[in-house]
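Just below is one structure, and these are the notes that go with it.
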Amino acid sequence: MLFQETFDVIVVGGGHAGTEAALAAARMGMQTLLLTHNVETLGQMSCNPAIGGIGKGHLVKEIDALGGVMAKATDRAGIQFRTLNSSKGPAVRATRAQADRQLYRAAVRLVLENQPNLKIFQQACDDLIVENDQVCGVVTQMGLKFKAKSVVLTVGTFLGGQIHIGLQNYSGGRAGDPPSIALARRLRELPFRVGRLKTGTPPRIDARTVDFSVMQAQPGDNPTPVFSFMGSHKDQPTQIPCHITYTNEQTHDIIRNGLDRSPMYTGVIEGIGPRYCPSIEDKITRFADKDKHQIFIEPEGLTTHELYPNGISTSLPFDVQLNLVRSIKGLENAHITRPGYAIEYDFFDPRDLKTSFETKFIKGLFFAGQINGTTGYEEAGAQGLMAGMNAALSAQDKDSWTPSRDQAYVGVLVDDLTTMGTKEPYRMFTSRAEYRLMLREDNADIRLTAKGRELGLVDDDRWAAFNHKIEQIELERQRLKQQWIHPQHAALAEVNKLVKTPLSKEASLEDLIRRPEVNYQDLMKIDLVGPGLTDPAAAEQVEIQIKYEGYINRQQDEISKQERNENTRLPANFDYKVVKGLSNEVILKLNQVQPETMGQASRISGITPAAISLLLVYLKKQG
Ligand code: FAD
């Protein structure tokens, strides 16, 4: 076909990775095309309608700090918000929101449709145009050609997607969507290492057939946490509760009796599933001693009766699904609106990617999202933003940028994937980060927004709001350092009510906040001390910075010590055979991964401290 149009960046796929990638490239001024199967499914949540959680909430805040859409859309769609680990330290506190699936999609689409420099086109991408190991564009199912300097593939679970329900299976990208067969075939011709993974989803249930009176209600927090640094409570729709129920011995018997028709337990499914999101058949087999498993009954939205029973993802045959659901307390008369299923799909070994997410073999071609072996919307969104941003930089012949492990969870994600690869769907946890105290949800903007602004990802409104917040924090910290409560101070009696041991000598407000029993908000309620900051995010920041200053400084010192070696660059396309003393195994691994920095090299499994010393000596000799 003669039709041909040229862009700077083309993003294939309109899921969580694709939307963030397209928006990032367009925000950076690139003429961008988002090419996707179906405009109606832009921002579609394939599985659980929820965003955030431990580690994942951190990623969402980082996406937001860099101007992305996920947190904003969640504020507009969230129907039950909670702060998880609220009683624990700030490093592991995490925001989670149950979302109205339709409101979420609508919020994402609104942002996409109003983004300058971005065009959307509905059509499957069947082929890539590659010339001299450089991608030049894509070809659609109809044969339309779109040319571009960079292409980002974010095609999720669709590559060679195979849906399983019991021993029946058929091709599909996810229930109701076509698979990507032609593109999968084309990608298998290219020199990437490819594998199969699987994931699954539970059957959905009609709320009108559920007895909530025998379940435990779980309301959200009040006041609700706000996800976006630019968000507000006013954005949030009506809040409704989730409910909790449990499986029982009868449920487990039904499942055990159905295992001979399970695609997972009869070897029909070969792909490896997410360890931390196992199917119910996996749970009762792996934890055979447990007599019950918790199930969260989560609403799918405000205008639908459909429910998502979180905890019973399954690919058992439909009759087994029905019986197992109806054996659960409160679900005895449940009507299933959609069967649960598992899906197997192709993913590409992320060790074949640079830290920019550009593929090592095809210049200008970037991969992001589930295609890289991850699971989850948040992991996909974070990669999408990185890939879209780096595709935009590459289209302008500029150097790529990736945050480091001590700067962002996104940095941890990129480094883990590109250095170690993954054999099972990768999800983020706070335990993956070595510098957790630095990488908190609350300071994601302080860590990243200035860099985002420099890259062109952050608009004027966000930048102005960020600078105002920083100014407020700095002024307040100065005031708290300089204002003293002395033994004759008019506020002394009120202050003494807050502290464990009454003040015997003068103390600054900062000293008082350092005490574990004193919190900023209570102190600010005292006349002549408060009112303090009215912006709760700025106030929280002041309190955390003061209370954790000692620990934060210690971690910062550790990071500084590591930094020199961490950031020492290694040559590209380098044959490590020339470094004397390295074992054959080390040479093989370094040649395969081609680490970009000494830090990355040190995290490759099997690379010993001795090998790192040899590399350092070699680099020093080279000058
Ligand atoms: P997706 O959200 O899948 O988006 C891919 C996009 O690419 C779609 O818009 C699609 O239409 C488009 N596309 C595909 N091929 C083409 C093509 N050739 N041309 C044009 N457009 C194309 N995550 C969890 O964290 N926990 C879970 O329990 C969980 N369970 C899941 C269960 C199922 C059944 C599925 C399908 C997914 C599940 N996920 C789960 C994963 C979660 O949905 C994904 O991690 C996330 O959606 C990945 O985002 P993505 O942008 O990479 O891909």
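Values quoted throughout were computed directly from the atomic coordinates according to the rules given, and no laboratory measurement underlies them. Keep in mind it's a predicted model, so treat the numbers as computed, not measured. Because the Cβ atoms are built from the backbone with ideal geometry, glycine has one as well, and the counts that use them run over all protein chains shown.
Compared with the direct C-alpha span, the chain from ALA490 to ILE470 gains 4.1 nm at full extension, assuming 0.36 nm per residue. Stretching the chain fully between GLN478 and ASN591 yields a gain of 35.5 nm (0.36 nm per residue, less the alpha carbon separation).
Just want to confirm a number: the relative contact order over the chain, from Cα pairs under 8 angstrom separated by 6+ residues, in percent.
On the way: 1337 pairs, mean separation 105.4, N = 623.
Relative contact order of the chain: 17 percent.
Annotation: amide H-H contacts under 5 Å for ILE485 (H modelled 1.01 Å from N, sequence separation of 5 or more, or interchain): ALA507, SER508, LEU509.
Tell me, how many Å apart are the Cα centres for region 296-328 and for region 97-119? The two parts, judged by their Cα centres, are 27 Å apart. Anisotropy class assigned to region 446-499 is prolate, per the alpha carbon gyration tensor with a/c at or over the 1.5 cut-off and a/b larger than b/c. For region 481-500, the residues whose backbone nitrogen is under 13 Å from a point 7 Å from the Cα of LEU528, taken along Cα to Cβ, are 484-496. Amide H contacts of THR597: LEU570, each under 5 Å away and 5 or more positions distant or on a separate chain (H built 1.01 Å from N in the peptide plane; Pro and chain starts excluded).
Shape descriptor for region 1-146: Rg over Rh equals 1.06 (Cα atoms; Rh from the Kirkwood inverse mean 1/r). Rg and Dmax, both from the Cα atoms of the chain and both in Å, are 26.0, 87. In a simple Cβ point-charge model (Lys, Arg +1; Asp, Glu -1; nothing else charged), the chain has a dipole of about 1020 debye relative to its Cα centre.
Along the axis of the charge dipole computed for region 239-306 (Cβ charges of +1 for Lys and Arg, -1 for Asp and Glu, origin at the Cα centre), the listed residues ILE240, THR304, ILE269 are led at the positive end by ILE269. Estimated at 0.36 nm per residue, the fully extended path between ASN132 and TYR618 surpasses their Cα-Cα distance by 171.7 nm. Bridgeable lysines around LYS234 (alpha carbons under 28 Å apart, same-chain partners fewer than 8 residues away excluded): LYS56, LYS61, LYS72, LYS88, LYS469, LYS525.
Gap in Å between the Cα centre of region 516-534 and the Cα centre of region 250-292? Between the Cα centres of region 250-292 and region 516-534 lies a distance of 53 Å. The spacing between region 539-617 and region 135-207, judged by their C-alpha centroids, is 35 Å.
Could you tell me which of rounded, prolate or oblate describes region 135-293, using a ≥ b ≥ c as the square roots of the eigenvalues of the alpha-carbon gyration tensor, with rounded for a/c under 1.5 and, failing that, prolate when a/b is larger than b/c and oblate otherwise? Cα axes put region 135-293 in the oblate bin.
In this structure, the amide hydrogen of GLN216, modeled 1.01 Å from its nitrogen in the peptide plane, lies closer than 5 angstrom to those of ILE244, counting only residues at least 5 positions away or on a different chain. For the pair THR6 and ALA572, a Förster radius of 22 Å applied to the C-beta separation gives a FRET efficiency near 0.15, rounded to the nearest 0.05.
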